[in-house]
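Trainee: Quick one: the structure is below, and I'll ask about it shortly.
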């Protein structure tokens, strides 16, 4: 009887501790993302209008005790944005947009350069030039959708990645580009965010990996308990986002379209560390895929209006622990693809040797597109070759968002 009583008290203590620990950290709002359709004569006024809404959303979150990390503006798809302009005029406009983003304090995104496989690849070549010189501009290309895999876009994306790696400082321009597969419009996270409509909409996303860290620290690999508590915590914050979004929409002419509950990592707020708390082993060991499933199961169970990935982010170089384990070779590209089978987000900020061939990039992007299309799930690839570096060398990116790590050999 005493043993049963002690066991019951211990279980209750663990449950209380789990709730208290997870409740202790309020995540940052990673992204408040506005979607606009810029018209050339009025685009600066449209940006001002978007910034008013973004500022109102930031204030609304602050009133609820949440700090906002970034506000973002996404235009119509790239080809439509620069339609009718010469390359020189388009690059001048993009420079002005990039400059304004720094003045006004938003992250700019010009959407996909190729939406369909039949689109003119000249837009990808123009985008490659822009990404090589404009340090803040984000963009993408769609390599799979409901119609199938976009093989021409895959080849153009590989060519763009090689070009930007060779023409941007520290090969860093590739950080601003993602090849996306089965990604729906209106998600808040970059670089794959895009829209195709009239604009005047916004969505939200949290830097929520810290929530997963705290929950997994006390549930210790218990799948059911982990999913239940993580669902509770993610739901609590997502409902705040929904309330804030609806409040801003009610006071403006903008539409709130949803929240992406994906627990985004950043630096020490590490999803890699969270997963290691679940498995008790280095990231990449047995159990990592199960932990990924626990996270995505909880995310999908959050009862709010969801947009975007609504899954799991494993950005190799944006996450301190993931960068460390990559250097230690505890996982690789095929590992990340395996985790993506239970709904990760693909291959994000993956460093590659500078001499990686365009043909190999095509194969890697093709694998991402094939997996996404087969299972109808959103995946992206942000591949980052480092010019002048070979397998065994350490990357030398100069970014507050990236942790340098050791390059793996080609396979």
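Trainee: Report whether or not residue 68 is more than 18 Å from residue 42 (Cβ to Cβ) and out of contact with any helix residue (DSSP H, G or I) (no Cβ under 8 Å at 6 or more places or on another chain).
Mentor: Here the answer is no, as residue 68 does not meet what is asked.
Trainee: Of all residues in segment 255-269, count the ones that are surrounded by fewer than 24 Cβ atoms within 10 Å (Cβ to Cβ) and farther than 18 Å from residue 239 by Cα.
Mentor: So the count comes out to 4.
So that you can scan it fast, the table gives a plain yes or no per residue for (1) touching a residue at least 24 places away in the same chain (Cβ under 8 Å); (2) assigned to a strand (DSSP E or B); (3) crowded, with 24+ Cβ neighbours inside 10 Å; (4) touching a strand residue (DSSP E or B) at 6+ places or on another chain (Cβ under 7 Å):
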| position | (1), (2), (3), (4) |
| --- | --- |
| 205 | yes, yes, yes, yes |
| 212 | yes, no, yes, no |
| 217 | yes, no, no, no |
| 231 | yes, no, no, no |
| 234 | yes, no, yes, no |
| 237 | yes, no, no, yes |
| 240 | yes, no, no, no |
| 245 | yes, no, yes, yes |
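Trainee: Filter segment 366-397 down to the residues that are more than 18 Å from residue 132 (Cα to Cα), more than 22 Å from the chain's Cα centre (by Cα) and in a loop (DSSP other than H, G, I, E, B) and list them by number.
Mentor: 389, 390, 391, 392, 393
Trainee: Can you tell me which condition residue 168 does not meet? The list is (1) touching a helix residue (DSSP H, G or I) at 6+ places or on another chain (Cβ under 8 Å); (2) surrounded by fewer than 24 Cβ atoms within 10 Å (Cβ to Cβ); (3) in contact (Cβ under 8 Å) with a residue 40 or more places away in the chain, and all the others hold.
Mentor: With (1) touching a helix residue (DSSP H, G or I) at 6+ places or on another chain (Cβ under 8 Å); (2) surrounded by fewer than 24 Cβ atoms within 10 Å (Cβ to Cβ); (3) in contact (Cβ under 8 Å) with a residue 40 or more places away in the chain applied to residue 168, the lone miss is (3).
Trainee: Could you list, in sequence order, the residues of segment 59-88 that are assigned to a helix (DSSP H, G or I) and crowded, with 19+ Cβ neighbours inside 10 Å?
Mentor: 60, 61, 78, 79, 81
Trainee: Checking the conditions here, which among 387, 345, 395 is closer than 19 Å to residue 170 by Cα and in contact with a strand residue (DSSP E or B) (Cβ under 7 Å, 6 or more places away or on another chain)?
Mentor: 395
Trainee: Here's another thing I want to ask about it. Could you look through segment 94-117, keep only residues that are in a helix (DSSP H, G or I) and in contact (Cβ under 8 Å) with a residue 12 or more places away in the chain, and pick out the one that is surrounded by the most Cβ atoms within 10 Å (Cβ to Cβ)?
Mentor: It comes out as 94.
Trainee: Go through segment 274-326 residue by residue and tally those that are part of a helix (DSSP H, G or I) and under 20 Å from residue 224 (Cα atoms).
Mentor: Of the residues in that region, 19 qualify.
No lab work stands behind these numbers, since they all come straight from the coordinates. This is a predicted model, so every value here is computed, not measured. No Cβ is skipped: glycine too gets one built from the backbone with ideal geometry, and neighbour counts run over all protein chains shown.
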